[in-house]
Amino acid sequence: MNDQATNRKGILIGFIQGLIVTIRSTLRRPVTAEYPSPDKRLDLADRYMAFPALMWDFEVSEPYCTGCMVCIRECPTQCMSATMKDNPLYSESRSRRRKIVDEFQINLGRCILCGICVDVCNFDAIEMSHEHELSKYERNGNRVDLGTLLSMGREYQRKVSWEPSQPEKNKGAPAGEESGAGKDTL
Ligand code: SF4
Ligand code: SF4
């Protein structure tokens with residue numbers, strides 16, 4: 001076989017190999033999901049970290065957050081603010097939390113999803129939720145308040161069957177009322 005015939009054979013083999021790759025790729029199931037079609041989205045992993053949200057204590061019907069300000073001091077972008085108040089449920093012996101959050105705001109447009117607020121919270125009060133679609137036209141359109149953060153939190157708690165990492169320390173129900181005392185449900 002001369003050189004020309006060998007070259008032609010090589011080109012043909014390369015062509016066939018390329019064709020096989022193309023056919024395989026055409027028939028393969030797509031690994032991408034069409035956005036924003038809800039029924040075609042990929043499931044998020046439980047450990048997925050989107051925007052922070054506040055946890056709700058369903059046994060006592062109040063937030064886990066005491067408004068202690070630790071996360072606010074540690075947030076690198078200073079996008080959080082909060083105030084605390086005396087907890088009325090504590091004075092009625094219905095909660096172990098002496099202080100409770102009064103107001104809480106996060107400008108999620110400035111949040112960099114670092115998770116430091118979650119790491120430093122001693123009260124199991126804040127988690128990185130699965131909420132990640134918050135596009136807005138206004139510069140400060142993603143400044144969210146306590147109610148929104150708690151509703152994001154409830155959605156996250158329901159989705160991942162969330163439990164506090166230190167229940168003995170951080171659940172608010174007084175001793176003897178932990179089980180069955182729940183007023184809320186997920
Ligand atoms: S989320 Fe945690 S660290 Fe932040 S104010 Fe509430 S209790 Fe304190
Ligand atoms: S995730 Fe990071 S940037 Fe966002 S609120 Fe928490 S500490 Fe601040």
Rounded, prolate or oblate: which fits the chain when a ≥ b ≥ c are the square roots of the eigenvalues of the alpha-carbon gyration tensor, with rounded for a/c under 1.5 and prolate only if a/b beats b/c? prolate
For peptides 159-166, 36-43, sequence by mean Cβ density within 10 Å, most packed first: 159-166, 36-43
Rounding to the nearest 20 debye, state how big the charge dipole of the chain is about its Cα centre with +1 on each Lys and Arg Cβ and -1 on each Asp and Glu Cβ. 860 debye
Under 5 Å, built H, 5+ apart or other chain: amide partners of E62: D57
Note, region 24-37: 3J(HN,Hα) by Karplus (6.51, -1.76, 1.60, θ = phi - 60°), whole Hz, Gly/Pro = x, goes 4, 5, 5, 8, 5, 5, x, 9, 9, 10, 7, 10, x, 4
Highest mean first, what order results for 28-35, 114-121, 64-71 on Cβ atoms within 10 Å? 64-71, 114-121, 28-35
Using only helices, what value at 222 nm comes out for the chain when you add -39,500 (n - 2.57) per DSSP H run of length 4 or more and divide by the total residues, to the nearest 500 deg cm²/dmol? -9000 deg cm²/dmol
The long-range amide H neighbours of N87, using H built 1.01 Å from N in the peptide plane and a cut-off of under 5 Å, are K99, I100
Once amide hydrogens are built 1.01 Å from N within the peptide plane, the residues lying 5 or more places from I126 or on another chain with amide H under 5 Å from its amide H are M55
Only loop residues by DSSP count here, and only those with at most 16 other Cβ atoms within 10 Å; note down the trypsin sites (Lys or Arg not before Pro) in region 73-108 that meet that. R98
Karplus ³J(HN,Hα) for region 111-124 (6.51 cos²θ - 1.76 cosθ + 1.60, θ = phi - 60°; Hz, whole; x = Gly/Pro) runs 6, 9, 6, 6, x, 5, 4, 5, 5, 8, 6, 8, 10, 6
Tell me which aspartates and glutamates have Cα within less than 14 Å of K85's Cα, excluding those fewer than 8 residues away on the same chain? E62, D102, E103
Got a sec to turn the phi values of region 44-49 into Karplus ³J(HN,Hα) couplings, 6.51 cos²θ - 1.76 cosθ + 1.60 with θ = phi - 60°, whole Hz, x for Gly and Pro? 7, 5, 4, 7, 4, 10
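Computed from the coordinates by the stated procedures, all read-outs in this text should not be read as laboratory data. Quantities reported herein were computed from a predicted structural model and do not represent experimental measurements. Cβ atoms come from the backbone with ideal geometry, glycine included; neighbour counts cover every protein chain shown.
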